[in-house]
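Undergrad: Pasting in a structure now, in structure tokens, and then I'll have a few things to ask.
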Amino acid sequence: MTRIIILAAGKGTRMNSELPKVLVLLKNRPMIKYLMDSVVAAKVDPKPIVVVSPDNKEIISQELKDYNVEYAIQDKQLGTGHAVACAQAALEKNNEKIDTLIVLYGDQPLLKVESIKAFAELNPDALTIMPTNLPDFEDWRQNFYRLGRIARGADGKVERIVEFKDASDEEKLITEINIGFMCFNYDWLFKNISALRNNNNQQEYYLTDMVNIAFAQGFEVSTYRIEPHEALGVNSINDLNVAENIL
């Protein structure tokens, strides 16, 4: 069985909005609904879990009342790794055998149905990530500049993901960009997620550090690349304008 988690606990402060970020309107529609429509159409998980905060659960659940979802609460904003850990109880309450877990983000509305289906067909020993490759950071692609970079070794294998705020000047030149979507071997993830540490500039538990853990354990981290237009997340007013143009 494959399950899907959608992270949606973030606030809309950088969007100049009092709404939760995932409810900011994209062409007069909350952006999370575009992703939800793709998840439903993919028919991978009949009841995905949406991770919310105590403050935004009510308003998000009201907006998503027409979707068959359940909720997990992230009581403190301690990073994406912490958010996924908060969903474990909801995932395991029915004692179902879960093989694969896909993590998506509610502020990335352009992910296609076909990509979700393809991601769900993977069966990683540890994890697979879904990056995008850019020709440069010019024009609308400048919106990707502050995202994490995929760091590969001399043999071309993924070694780690470097968050922008922790990246060196050389690492910031990398144009293979992490957009956050990850596909995990379920048992491996929850056996190792407690190893995450928050010794970074944000003092958060990054889910992306699971790549470092997998590499250290000798697992090969594979990638499933998507096009930049599909990979765009909405983290600012400028991102929102670009997403509107793409739609």
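Undergrad: With Arg160, Arg146, Arg141 as the choices, which residue is among the basic types (Lys, Arg) and part of a helix (DSSP H, G or I)?
TA: Details: Arg160 fails: part of a helix (DSSP H, G or I); Arg146 fails: part of a helix (DSSP H, G or I).
Going through Arg160, Arg146, Arg141 in turn, just one is among the basic types (Lys, Arg) and part of a helix (DSSP H, G or I): Arg141.
Undergrad: Out of all the residues in the stretch 135-164, which are aliphatic (A, V, I, L, M) and surrounded by 18 or more Cβ atoms within 10 Å (Cβ to Cβ)? Let's see the steps before the verdict.
TA: Restricting attention to the stretch 135-164, the residues satisfying the condition of being aliphatic (A, V, I, L, M) are 147, 150-151, 154, 158, 161-162.
Matches in the stretch 135-164: Leu147, Ile150, Ala151, Val158, Ile161, Val162.
Undergrad: A further question follows. Can you name the residue in the stretch 1-31 that is out of contact with any Lys or Arg (no Cβ under 7 Å at 6 or more places or on another chain) and within 28 Å of Asp187 (Cα to Cα) and is also surrounded by the fewest Cβ atoms within 10 Å (Cβ to Cβ) among such residues? Outline the logic, then answer.
TA: Restricting attention to the stretch 1-31, the residues satisfying the condition of being out of contact with any Lys or Arg (no Cβ under 7 Å at 6 or more places or on another chain) are 2-9, 13-14, 16-19, 22-31.
Retained after the next criterion (residues that are within 28 Å of Asp187 (Cα to Cα)): 2-9.
On the way: Thr2: 17, Arg3: 22, Ile4: 23, Ile5: 25, Ile6: 25, Leu7: 25, Ala8: 27, Ala9: 27.
Within the stretch 1-31, the match that is surrounded by the fewest Cβ atoms within 10 Å (Cβ to Cβ) is Thr2.
Undergrad: What about Val44, is it over 18 Å from Thr208 (Cα atoms), crowded, with 23+ Cβ neighbours inside 10 Å and not hydroxyl-bearing (Ser, Thr, Tyr)? Working first, answer last.
TA: Numbers: over 18 Å from Thr208 (Cα atoms): yes; crowded, with 23+ Cβ neighbours inside 10 Å: no; not hydroxyl-bearing (Ser, Thr, Tyr): yes.
No.
Undergrad: So, one more: When you scan the stretch 72-94, do you find a residue that is over 28 Å from Ile161 (Cβ atoms) and of a type in the set (Asp, Glu), even just one? Full working, then the answer.
TA: Start the filter on the stretch 72-94 by keeping residues that are over 28 Å from Ile161 (Cβ atoms), which leaves 93-94.
Checking which are of a type in the set (Asp, Glu) leaves us with none.
No, the conditions are met nowhere in the stretch 72-94.
Undergrad: Could you tell me which of the residues Ile98, Ile59 is farther than 25 Å from Gly148 by Cβ and in contact with a Phe, Trp or Tyr (Cβ under 7 Å, 6 or more places away or on another chain)?
TA: On the way: Ile59 fails: in contact with a Phe, Trp or Tyr (Cβ under 7 Å, 6 or more places away or on another chain).
The unique qualifying residue is Ile98.
Undergrad: Among the residues of the stretch 63-91, which ones are closer than 17 Å to Lys191 by Cβ and of a type in the set (S, T, N, Q)?
TA: Gln88
Undergrad: For residues that are in a loop (DSSP other than H, G, I, E, B) and touching a Leu at 6+ places or on another chain (Cβ under 6 Å), scanning just the stretch 222-247, find the one that is modelled with the lowest pLDDT. So that I can check it myself, show each step before the final result.
TA: So in the stretch 222-247, the residues in a loop (DSSP other than H, G, I, E, B) come out as 224-227, 232-236, 247.
Imposing the further condition that a residue be touching a Leu at 6+ places or on another chain (Cβ under 6 Å) reduces the set to 232, 234.
Details: Leu232: 92, Val234: 89.
Ranking the candidates gives Val234 first.
Undergrad: While we're looking at this one, here's another question. Kindly indicate which of Asn178, Asn238, Asn192, Asn212 is surrounded by 16 or more Cβ atoms within 10 Å (Cβ to Cβ) and in contact with a helix residue (DSSP H, G or I) (Cβ under 7 Å, 6 or more places away or on another chain). Step through it out loud before you land on a result.
TA: On the way: Asn178 fails: in contact with a helix residue (DSSP H, G or I) (Cβ under 7 Å, 6 or more places away or on another chain); Asn238 fails: surrounded by 16 or more Cβ atoms within 10 Å (Cβ to Cβ); Asn212 fails: in contact with a helix residue (DSSP H, G or I) (Cβ under 7 Å, 6 or more places away or on another chain).
Result: Asn192 is the single residue among Asn178, Asn238, Asn192, Asn212 that is surrounded by 16 or more Cβ atoms within 10 Å (Cβ to Cβ) and in contact with a helix residue (DSSP H, G or I) (Cβ under 7 Å, 6 or more places away or on another chain).
The values are calculated or read from the model by the stated rules, or taken from the named source; none is laboratory data. Since the structure is predicted, the reported quantities are computational estimates derived from the model, not experimental observations. Please note: Cβ atoms are built from the backbone with ideal geometry, for glycine as well, and neighbour counts cover all protein chains shown.
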